[in-house]
Structure formats: C-alpha cells, structure tokens
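Every read-out reported here was derived from the displayed coordinates using simple, explicitly stated rules and does not represent laboratory data. All of these numbers come straight from a predicted model, not from anything done at the bench. Every residue, glycine among them, receives a Cβ derived from its backbone with ideal geometry; neighbour counts consider all protein chains shown.
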Amino acid sequence: MRDTADVLRERALDLAERDVEAFTAVTDAYRLPKGTEGEAEQRSRPIAEAVLGASRPPADVVRPPDRSSTSPSGCCRWATATW
C-alpha cells in the first residue's frame, strides 16, 4: 500500500507542476500585444492553444492512473473496479 501511495503522490506532484506550467502559458499568451487589429488577431491562436493546454492537467487529475502502477488492493481497490 505504501508503494501505491508513493506512486499516487508522485503523480499528483507531477500534475501540479504541469498545471503551473500550463497556467503560465495562458498568462503569457494574454500578455501578447493587442494594440492593433493585426496584433489582436495574431494573439488569438496562442491564447486558444494555451487555454486548451491548460485544460489537460485538471482533466488528468480525474483520470485514473495507469493500472500497472497501482495495486488492486489497499487504498485503490475501489477505483480499480471502474477502470
């Protein structure tokens, strides 16, 4: 069970780091110049891509981890039944 907890903790830390990076990309995209119509048009794609990228880490939080990395016993037994 300790191994499972270690795996889940590492996964959570990785997801938190990815979330920070994704949110930084969104804020950077919104900081792009928008003074002219051309600049506004050029920043719309980076914003859309950054927002899409920022949706992935939270989606991965609710996605179960790889079944091979957890045991069907202990704290994760309830989750493995739905994978």
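Just a yes or no: is a residue in segment 4-17 in a loop (DSSP other than H, G, I, E, B) and either surrounded by 15 or more Cβ atoms within 10 Å (Cβ to Cβ) or over 12 Å from the mean Cα position of the chain (by Cα) (or both)? No, segment 4-17 contains no residue that is in a loop (DSSP other than H, G, I, E, B) and either surrounded by 15 or more Cβ atoms within 10 Å (Cβ to Cβ) or over 12 Å from the mean Cα position of the chain (by Cα) (or both). A Cβ distance below 8 Å, combined with a sequence gap of six or more or placement on separate chains, defines the contacts here; from segment 28-42, residues that are in a loop (DSSP other than H, G, I, E, B) reach residues that are of a type in the set (S, T, N, Q) in the pairs LEU32/GLN42.
I'd like to know if segment 19-29 contains one or more residues that are more than 13 Å from GLY53 (Cβ to Cβ) and out of contact with any Gly (no Cβ under 7 Å at 6 or more places or on another chain). Within segment 19-29 (the criterion being more than 13 Å from GLY53 (Cβ to Cβ) and out of contact with any Gly (no Cβ under 7 Å at 6 or more places or on another chain)), the answer is no, since none of the residues qualifies.
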